[in-house]
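The values are calculated or read from the model by the stated rules, or taken from the named source; none is laboratory data. Keep in mind that what you see is a predicted model, and the values were worked out from it rather than measured. Every residue, glycine as well, gets a Cβ built from its backbone with ideal geometry; the counts of neighbours run over all protein chains shown. Areas reflect the complete protein model, heavy atoms only, side chains present, ligands, DNA and RNA absent. Shrake-Rupley method; radii C 1.70, N 1.55, O 1.52, S 1.80 Å.
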Amino acid sequence: MRTILFVAALLPVSVFAASPATAPAAFAQCAACHSVTGSNGVGPSLKGIMGRKAGSFPGFRYSRAMKTYGKSWDKTNLAAYLANPQQAVPGNTMPFAGVPDASQRAAIVNYLATLK
Ligand code: HEC
């Protein structure tokens, strides 16, 4: 048990050891639609996503569902959204089924938190 906790605690650190802004491999599937700089693509820029109100990045045409979700993104609701986008924000138009693997989701969410 102690070993498992130790390894789990080290995982996110090792992902970011080289640079705080190094994306985990699992983020590649997001990068097809999302930039981490200020530009919008198929999806809105994810720059500054942590703490940002859902559906609020300037210049992106969000669905009504995303605009009226009404919450700011934090680790908990981002993880839920990435696990099952349609369940978390019903009617949103992100054409993505979700990330089934919990450790991949955690790596992505930790990475998103570095995007200031
Ligand atoms: C095929 C394109 C596509 C892929 C792949 C995709 N997204 Fe999206 N994403 C979108 C679109 C389009 C929206 C806007 C949805 C809406 O307006 O309802 C969105 C919305 C979001 C939002 C809400 C942004 C905001 O400003 O409120 C987050 C967070 C997000 N995506 C994260 C991710 C992550 C992380 C991944 C990878 C695991 C991912 N997306 C994969 C297209 C994509």
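Of note:
- Projecting label points 7 angstrom from Cα along Cα→Cβ for residue 33 and residue 84 puts them 1.8 nm apart.
- Note on surface exposure: 68, 114 rank 68, 114 by accessible area, highest first, 1.4 Å probe.
- Charged neighbours of residue 40, selected by a Cβ distance under 11 Å, balance to +2 (K, R count +1; D, E count -1).
- Applying a DSSP loop filter and a limit of 13 other Cβ atoms within 10 Å to the trypsin sites (Lys or Arg not before Pro) in segment 61-105 leaves 61, 71.
- Residue 71 versus residue 102: modelled label distance in nm, points set 7 Å from Cα along the beta carbon direction: 1.8 nm
- Shape class of segment 55-116 from the Cα gyration tensor (axes a ≥ b ≥ c, square roots of the eigenvalues): oblate, since a/c reaches 1.5 or more and a/b does not exceed b/c.
- For residue 72, the residues whose modelled amide H falls within less than 5 Å of its own, excluding neighbours fewer than 5 places apart on the same chain, are 54.
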